[in-house]
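Structure record follows, encoded as structure tokens.
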Amino acid sequence: MPTASISLRDVGRTFGATRALSGVNLDLKPGVTGLLGPNGAGKTTLLRLLATALPPSQGKVNVLGLDPEVPAERTGIRRQLGYQPQEVGFPRGFTAFAFVDYIALLKEWTEPTARHAEVRRVLGLVGLSDLGTKRIRAMSGGQRRRVALAQALLGSPPVLILDEPTTGVDPEQRVTLRTVLAEIARTSVVVLSTHQTEDVAALCERVIVLDRGEVRYDGPVTDLTGQAAGRVWLADQPDPAAKVSWRTGTGRYRNVGTRVRDDVEHVEPSLEDAYLLLRGGSPEPETAGEVAS
Amino acid sequence: MTTALAPARPGAVARRATLVPLAAREMRRFVLNPLFLFAVVMAEWITWTGGGGTATEIDEVNGYPAVFLGGFGMMAAFWLTRSMRASEPVAGVTPTSRPARTAALCWVAIVPFCCGVLTLFGFLHAYPAGDAVYGPFSPSARIAVLVGQIVVPSLGGPLLGVALGRWVRFPGAAFVLFLVIFGWVELVTIVTLWHQDSWPATVLRLFSPFAFFTVQADSGGVTAWRGSPWFFIGWQLALCAIAVLAALLRGAEGQVRTRIVRALGIAGLAALILLVLAATGGFTHAVTA
């Protein structure tokens, strides 16, 4: 099987006067790549470009050796693509099985027996085997996201683009999904956008941090986390020298600063600490509650 | 729960192979639409019973199948087309293009078309072609009137619904269009009642996906208005083609788009010519029998 790959060269995307992406250069190989960034950083735009849902305003995108700007080649990419968008609406009256089956048909699974078996398989992967006949409108938000993920997994595609797949999914299911994605990533390019840094830390070997449409970091997760070594410490009070401080469950304060300190009680940095440092120590307003609580 | 992966998806198949099962799927969804089911029951009941068997001329009954199969069919097809709109972020990145999905939706119109044919037989059962309610039309023209008033609207209404669903976001658009067409037909029929031999009034009356051809005469007979029912069918079929092409145009790109635009031009020209022929052909003035 040829190695799946994606490349972006000087890719930019604008919406009117708004610049969503600028000068993005990336090479993606099989494995799970995490995409982090604040809201409005351009993550969804980048994923839509990779999923051929959106053309770039400038630069070249190449997916599996095919050019998405050429209609015939775009269809070729779509035959090898799984995409879970951030928001998916479901038609009224559809069950989980019927919806995934419908998408499978659009993905050219025309033979009913094979298609139904595949639909049952992907519903099983996301833990919805028993809920296949349940109407999607009657499902919880987390279950709906799993239906959306199930359709993306159809056929174990060489390219899997996932926009916040674990939002609203319970911890047990998240762990299961990590196992599924890790298995697929042996041969497929998996790009995962999320606000859950623990998912990236647990699953991804590579992380890309986007900010205002530009790549701020691109490299191994361990390297990014390593950048925070010596910069995270515990104290009984918020440290004025820290960029970010928050009270933990033990009652003590976790401080993250830009300077390496020797005179404090260091703790192992997390990816979230490193991400906050990279972002200049200013947590995004939308997630401030999560960070500071 | 298993995390075992399936073997790779079967090799890429031709788009045509997807079209047939997709069209069958959409047909099944359309047939189960409560509005369409209601429309079919009403249309069949009215025509097979001959509208109570008291009609003095055909247009007393013929409007009902057009309203139910054409009008309600349009609304059902509009709903069907719009139903997947919310899933477009997913459906839009599958190898089945939007024009291909639209083509599958257009095939759905076969169902109401067949219902229209059945309704035609029902009407002929209630009012045989030799009956006086048809007025002075020849035997073949009588069939043409029925086809134009029952069968073709049953096909065209749903096709119009698909085109509307592809282009218009407003959820009530099909109902509004139904009211507009209904109002237009009523208006131009009144105009024709006042100016029965007028050519412009005839053009206005036929400039519609549905038109009446007869009226009960004061003398008790049936008056046939100006116009050729045969060319009117041609005009209606040209409108059907325009609806299909307009629906397919949404999401089409490259050479396909160019071909559709060209075909739209040809269909538009054909429609115009057929409308003129429909208005100038047939009876040249109102005839009562």
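The values are calculated or read from the model by the stated rules, or taken from the named source; none is laboratory data. No experiment lies behind these values; they were computed from the predicted model shown. Neighbour counts are summed over all protein chains in view; Cβ atoms, including those assigned to glycine, are modelled from backbone coordinates with ideal geometry.
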Pairs returned, first residue in the range B:147-171 that is without any contact (Cβ under 8 Å) to a residue 40 or more places away in the chain, second residue that is not β-branched (V, I, T), beta-carbon separation under 6 angstrom, 6 or more apart or interchain, are B:V151/B:G116; B:V151/B:L120
A:T187 passes all but one of (1) outside any helix (DSSP H, G or I); (2) within 19 Å of A:L26 (Cβ to Cβ); (3) out of contact with any Gly (no Cβ under 7 Å at 6 or more places or on another chain); which number fails? (2)
Would the range A:53-68 turn up any residue that is closer than 30 Å to A:S140 by Cβ and either surrounded by 17 or more Cβ atoms within 10 Å (Cβ to Cβ) or more than 12 Å from every other protein chain (Cβ to nearest Cβ) (or both)? yes
Scanning for something more than 9 Å from every other protein chain (Cβ to nearest Cβ), of a type outside the set (K, R) and in contact (Cβ under 8 Å) with a residue 24 or more places away in the chain, does the range B:89-96 turn up at least one residue? no
Going by the structure shown, is A:E73 without any contact (Cβ under 8 Å) to a residue 60 or more places away in the chain and either among the hydroxyl-bearing types (S, T, Y) or within 11 Å of another protein chain (Cβ to nearest Cβ) (or both)? no
Residues (in a helix (DSSP H, G or I) and either within 7 Å of chain B (Cβ to nearest Cβ) or at positive phi (or both)) located in the range A:77-101: A:R78
Scan the range B:215-246 residue by residue and report those that are in contact with a strand residue (DSSP E or B) (Cβ under 7 Å, 6 or more places away or on another chain), surrounded by 20 or more Cβ atoms within 10 Å (Cβ to Cβ) and not in a loop (DSSP other than H, G, I, E, B). B:V215, B:V222, B:T223, B:A224, B:G227, B:P229
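Looking only at the range A:109-118, decide whether some residue is touching a residue at least 12 places away in the same chain (Cβ under 8 Å), within 8 Å of chain B (Cβ to nearest Cβ), touching a Ser or Thr at 6+ places or on another chain (Cβ under 8 Å) and surrounded by 24 or more Cβ atoms within 10 Å (Cβ to Cβ).
No.
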Every pair of residues 6+ apart whose Cβ atoms lie under 8 Å, when the first sits in the range B:199-211 and is more than 18 Å from B:L146 (Cα to Cα) while the second is of a type outside the set (A, V, I, L, M) and surrounded by fewer than 19 Cβ atoms within 10 Å (Cβ to Cβ): B:W199/B:T280; B:A201/B:W194; B:A201/B:H195
Out of the residues in the range A:135-150 that are touching a strand residue (DSSP E or B) at 6+ places or on another chain (Cβ under 6 Å) and part of a helix (DSSP H, G or I), state the one that is farthest from the other protein chains (Cβ to nearest Cβ). A:L149
Unmet requirement for A:L210, which otherwise passes all of (1) part of a loop (DSSP other than H, G, I, E, B); (2) in the same structural domain as A:R13 (by TED's automatic domain parsing): (1)
Can you tell me which residue among B:A141, B:A163, B:A104 is within 14 Å of chain A (Cβ to nearest Cβ) and either modelled with pLDDT of 95 or more or more than 15 Å from the chain's Cα centre (by Cα) (or both)? B:A104
